[in-house]
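Worksheet: one structure, shown below.
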Amino acid sequence: MRARPGSEPAAAGAGAGEASAAAAAAGRPPAIAIDDVAVAFGGRRRAAVTALEGVTLDVGEREFLSVLGPSGSGKSTLLRVIADLIPATAGSVAVLGGTPAAARAARAIGFVFQHAELLPWRSAIDNVRLPLQVGGRRARAAAAGDHADPRALLELVGLGDRADARPRELSGGMRQRVAIARALVTRPRILLMDEPFGALDEITREAMNRELLRIWEETGTTVVFVTHSIAEAVFLSQRIAVLTAAPGRLAGTIDVDLPRERRPEIRDTPAFAEVAARARALLHGGAR
Amino acid sequence: MRWDASALRAGLGRGAIAVSGIAGGIALWWAVVTVFDVAPYVVPPPDDVWRSLTGDFSTLLDNLWPTAQEALLGFAIGNVLAVAIAIVFVHSRTIERGLFPVAVFVQTLPLVAVAPVLVLMFGNGMAPKVIIAALMTLFPTLVNAVRGFDAIGPQTLELFRVLSASKADVFWKARTFASLPFLFSSLKIASTSAVIGAIVAEWIGADEGLGYLIINATYNFQTPLLYATMIVASLFALLLFALVGLIERLVVTWEDD
């Protein structure tokens, strides 16, 4: 983390951001730089609701960062500000050194929603192709030049043999795999995931977590992963940003000092429990 | 669509139940007319109606043709217009707020009151019948098409925005498909109401058509012919309905049954 006067004391106190500190030391700018961002909804006629306040956070290139917080802590809002779906009311966000809008227009951002949001009339493979078929002529030409092979992506997410299946013929986990393949088809440098496994059962979710880590290793994208599951955040991440509710504030960030290769058994180790306990302490400490 | 043996058996079973229902209805009709000795010019027995259906078949067919033309033309015009208006509404809420009350007003006008006005304006030919049939189909399709075009979730809109998709992309790649199930359910309603519209319009002033035949048969106490005309009109509407349903099954393949 870059030294910033006036950044959240809680964040500093948690000893945050060694991964991005290392990146900064190596002279690489962060993939995402969030500086004192606030988001308020409503206003004028209705009383404004503050969803996010004073959030300062850097995400390093190729980092896997989880944003952990209870409902109403503005996790999804933060993700949408990065993706240029919601404007920040105050503060600034830089994505890959430019504005979020520029990053979106350059197809540098992949987004995975809580529910897969597949188009039900399209087969799995045609859903993956969707990003290559929309946008202006320029965007499509850019996509045509540099995109991943949709079929290879379906193989990557383990659905090579279900390419022609309609979404209703697929299970919830499979749909979410298709959604991940779709998000990756433009070879985004940043992958934003909004509780993508929240609607899945525990067993499927753990399998999907392992898959996601494998995909992250293979594609080398920066991942920002929103979740309200402490275990999921610890298992997946290199770093966890903890948000507290109403208004959403950054309670701090936690470095996950676990080996880069995460086996399922890691969940039963003391080191895992220790990181989870720190995350829990931050969550509840901030909820006063 | 799946055409395996078990589906076929189930279909035949349903067909048998439907046929026995119709047969039971005819039997009841016969029994009531015979037991209560109802005068044939009030309610004719089924065999009289059957004789009229076969004996006056060419008359019925000659009069079905103009009605069918009016109904189909009205159906096409009304639905195309409704979808076009729906597209405008979806893209401009201001226009929707301004014009939707007008559409509701037109819908609430009683058909039997509008028909004479249109005959006065357009004469005794096909035009007023087609317009009435079109008016009958316009409103249900308009309401359903607007709902259908809007039947995409906020997250789908976000998805298209993340992909920097244009409004045209959203329309052609999401809204059109999302609207199809809604559109077909209104087309099914419209298919029968277009026939009703054409027939009612013929009552006001026509020299051919099923509506003309109904009026004529009534005034001449040809009650069996009146019943036969009703049956032909209903069969024609049923055929249109079934046709729309068949096309729906071929087109909308992604909906859960």
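The values are calculated or read from the model by the stated rules, or taken from the named source; none is laboratory data. If you're wondering where the values come from, they're calculated on a predicted model, not measured in any experiment. FYI the Cβ positions are ideal-geometry reconstructions off the backbone, even for glycines, and counts take in every protein chain you see.
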* Asked: Failed condition for B:W203, given (1) assigned to a helix (DSSP H, G or I); (2) over 21 Å from the mean Cα position of the chain (by Cα); (3) at pLDDT below 90, with all others met?
  -> (2)
* Structure fact -> Within segment B:186-214, the residues that are among the hydroxyl-bearing types (S, T, Y) and closer than 17 Å to B:T137 by Cβ are B:S186, B:S191, B:T192, B:S193
* Quickly run through segment A:65-96 and pick out the residues that are among the polar types (S, T, N, Q) and within 16 Å of A:R249 (Cβ to Cβ). => A:S71, A:S73, A:S76, A:T77, A:T89
* Check every one of the strands (runs of 3 or more DSSP E) wholly within segment A:64-154 and list those with 3 or more residues that are within 12 Å of chain B (Cβ to nearest Cβ) and crowded, with 24+ Cβ neighbours inside 10 Å. => A:109-112
* Name the helices (runs of 4 or more DSSP H) wholly within segment B:73-183 that hold at least 3 residues that are among the β-branched types (V, I, T) and without any contact (Cβ under 8 Å) to a residue 24 or more places away in the chain? -> B:93-108
* Asked: Considering only segment A:216-263, how many residues are aromatic (F, W, Y) and surrounded by 21 or more Cβ atoms within 10 Å (Cβ to Cβ)?
  -> 2
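Okay, residues lined up against (1) within 21 Å of A:G160 (Cβ to Cβ); (2) in contact with a helix residue (DSSP H, G or I) (Cβ under 9 Å, 6 or more places away or on another chain); (3) without any contact (Cβ under 8 Å) to a residue 60 or more places away in the chain:
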site: A:T186; (1), (2), (3): yes, yes, no
site: A:R189; (1), (2), (3): no, yes, no
site: A:G198; (1), (2), (3): no, yes, no
site: A:A207; (1), (2), (3): yes, yes, yes
site: A:E217; (1), (2), (3): yes, no, yes
site: A:F225; (1), (2), (3): no, yes, no
site: A:I230; (1), (2), (3): no, yes, no
* Condition check for B:R147: modelled with pLDDT of 90 or more, over 19 Å from B:A237 (Cβ atoms), more than 9 Å from chain A (Cβ to nearest Cβ) and out of contact with any Ser or Thr (no Cβ under 6 Å at 6 or more places or on another chain) -> yes
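For (1) within 14 Å of chain A (Cβ to nearest Cβ); (2) within 17 Å of the chain's Cα centre (by Cα), each residue gets a yes or a no:
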{"site": "B:A178", "(1), (2)": "yes, no"}
{"site": "B:F182", "(1), (2)": "yes, yes"}
{"site": "B:A190", "(1), (2)": "no, yes"}
{"site": "B:G211", "(1), (2)": "no, yes"}
{"site": "B:P224", "(1), (2)": "no, no"}
{"site": "B:A242", "(1), (2)": "no, yes"}
* Quickly run through segment A:155-176 and pick out the residues that are more than 14 Å from every other protein chain (Cβ to nearest Cβ) and in a loop (DSSP other than H, G, I, E, B). => A:V157, A:G158, A:L159, A:A163, A:S171
